[in-house]
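Structure first, then comments.
Every number in this text was worked out from the coordinates using simple rules, so none of it is lab data. What you are looking at is a predicted structure, and each value in this text was computed from that prediction instead of being measured. Because the Cβ atoms are built from the backbone with ideal geometry, glycine has one as well, and the counts that use them run over all protein chains shown.
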Amino acid sequence: MIIAITGASGVGKTTILKELSKIVSDNESVKVFHFDDMELPNWDELEDAKKWQQDATIEWIDTLVNIARNDNAHILFEGSTEIKFYQEGFNKNSYQDYSILLFDCSEETMKHRLIERGQPELFHSNMVGWLSYLRREAKRTNVEIIKTDRSTIPEIVQVLIEKLHLK
């Protein structure tokens, strides 16, 4: 099983997966990956950021599917990428054992979290627009939305553990 998580900056993707990693650290069949673990481009020099994101997401999915198949592993992956790029990657690999989740929160919570982590510059109209876009796409494609400001971190971690069919 691969769980691919998307969401805007500040919705809690990394924080929740860090907590989950602590719980499953002894379980070699569970692996956690972050989109930003790859070398990121210089955004100012990039000609087509959307095409880069699409190609990078599909490259990640190729890698994750190989790991899931070869290691019989459960994988959690988080990155702020488009739902359709995740779907394209899974379809390309003829891989069906996956779930895509959108982590979401209110704009006020996002702003507070970004300020708290020392990145207030990430809260701007483009980031709010990105979150709104992801919400619309999740609803349109029936992707489950997890409201990270309506549950505690342990509660969300438990949801992920249950989705992976772990005890």
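Which of the residue pairs LYS22/LYS139; LYS92/LYS147; LYS22/LYS92; LYS22/LYS163 have a Cα-Cα distance greater than 27 Å in the structure shown?
LYS22/LYS139; LYS92/LYS147; LYS22/LYS92
Given the -39500 (n - 2.57) contribution per DSSP H run of 4+ residues, what per-residue ellipticity at 222 nm results for the chain, rounded to the nearest 500 deg cm²/dmol?
-15500 deg cm²/dmol
Just GLN87, GLN96, GLN54 to compare: in a GNM of the chain, with alpha carbon springs under 10 Å, which one fluctuates most?
GLN96
Along the stretch 114-124, what does the Karplus equation 6.51 cos²θ - 1.76 cosθ + 1.60 (θ = phi - 60°) give for ³J(HN,Hα), rounded to whole Hz, x for Gly and Pro?
5, 5, 4, 8, x, 10, x, 5, 7, 8, 8
Taking the beta-carbon count within 10 Å as an exposure proxy, list MET110, MET127 from fewest neighbours to most.
With the sparsest Cβ surroundings first, the list reads MET127, MET110.
Within the stretch 107-137, whose backbone N sits under 17 Å from a point 7 Å along Cα→Cβ of GLU155?
109-110
Please list, in chain and number order, the residues 5+ apart from ILE146 or on another chain whose amide H is under 5 Å from its amide H, with Hs placed from the backbone.
LEU102, PHE103, ASP104
What is the stretch 113-159 by shape, rounded, prolate or oblate, if you read a ≥ b ≥ c off the alpha carbon gyration tensor as root eigenvalues and call it rounded for a/c under 1.5, prolate for a/b larger than b/c, and oblate otherwise?
It comes out oblate by the Cα gyration axes.
Most fluctuating residue of TYR133, TYR98, TYR86 in a GNM of the chain with Cα springs under 10 Å: which is it?
Sorting by GNM fluctuation, first place goes to TYR133.
In whole Å, what is the distance between the alpha-carbon centres of the stretch 14-93 and the stretch 133-157?
Taking the Cα centre of the stretch 133-157 as reference, the centre of the stretch 14-93 is 18 Å away.
Calculated from the structure, Kirkwood radius over Cα pairs in Å equals which of (1) 16.4; (2) 17.4; (3) 18.2?
(1)
Once you've got the GNM for the chain with C-alpha springs shorter than 10 Å, pick whichever of ASP26, ASP55, ASP71 has the biggest mean-square fluctuation.
Highest fluctuation of the listed residues: ASP26.
Straight-line reach from LYS18: which aspartates and glutamates have a Cα under 15 Å away, not including same-chain ones fewer than 8 places off?
Within the straight-line limit of under 15 Å, LYS18 reaches these aspartates and glutamates: ASP26, ASP36, ASP37, GLU78, GLU155.
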